[in-house]
Structure formats: C-alpha cells, structure tokens
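> One structure is given below, represented as structure tokens, and several questions about it will come after.
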Amino acid sequence: METCRGLRQQLAVDPGHCPLYRYDPRRREQGLSPLQLDSMAPRISLKDYVSQETRYRMAEKAHPEVSEDLIAEAHARLVHLSGMAARRI
C-alpha cells in the first residue's frame with residue numbers, strides 16, 4: 001500500500017503540479033530568495049494531469065465551470081511560486 005501511495009505522489013510531483021519547495025531565510029544574506037522550488041517545471045498541462053485522475057474527472061463532470069476556474073487558479077499559484085523563487089533579493 002505504501003508503495004502505491006508513494007507512486008501516486010511521485011506521479012503528482014513529476015509533472016510539476018505539486019510543487020516541492022523549501023524556505024530558508026538565511027538565503028537572504030546571500031541576496032537570494034529564501035524560497036526554493038525543488039520540483040521541476042510542469043512537463044504536461046495541469047488539465048492533462050487532472051484528466052488522468054478519476055476524482056478530478058468526476059468533479060469536472062459535476063461542475064465543469066468550477067473545475068476550469070480551479071485549474072486556472074492552481075496554474076496561477078504555480079506561476080506565482082516560480083516567480084518568487086526566481087527573484088533575487
């Protein structure tokens with residue numbers, strides 16, 4: 001069971017839609033952003049990723065307009081985090 005759960009988590013992280021990040025305030029002393037993204041940039045679109053998950057497909061069928069809004073919001077958050085991590089202080 002743990003292997004399956006770990007694999008599912010890895011499948012979420014690999015496409016880049018579940019960002020792995022860390023915060024180290026000491027990086028400010030070096031002129032770097034304290035936020036570091038450890039995950040790669042998305043390799044597939046968020047819409048393609050969620051279409052592979054039954055739970056998301058069911059939500060999309062039940063409320064397509066809400067689903068589109070949530071996908072757009074999640075993408076915007078990922079872009080914002082990426083921008084914060086790339087910024088020099």
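The values are calculated or read from the model by the stated rules, or taken from the named source; none is laboratory data. Nothing here was measured: the structure is a model prediction, and the numbers come from that model. No Cβ is skipped: glycine too gets one built from the backbone with ideal geometry, and neighbour counts run over all protein chains shown.
> Tell me which residues, restricted to the range 29-41, are within 18 Å of Gln10 (Cα to Cα), aliphatic (A, V, I, L, M) and surrounded by 15 or more Cβ atoms within 10 Å (Cβ to Cβ).
The one that is within 18 Å of Gln10 (Cα to Cα), aliphatic (A, V, I, L, M) and surrounded by 15 or more Cβ atoms within 10 Å (Cβ to Cβ): Leu37.
> What are the residue pairs meeting all of these: first residue in the range 55-80, first residue closer than 24 Å to Leu20 by Cα, second residue at pLDDT 95 or above and surrounded by 14 or more Cβ atoms within 10 Å (Cβ to Cβ), Cβ atoms under 8 Å, and 6 or more apart or on different chains?
Sorted first by the residue in the range 55-80, then by its partner, the list stays empty.
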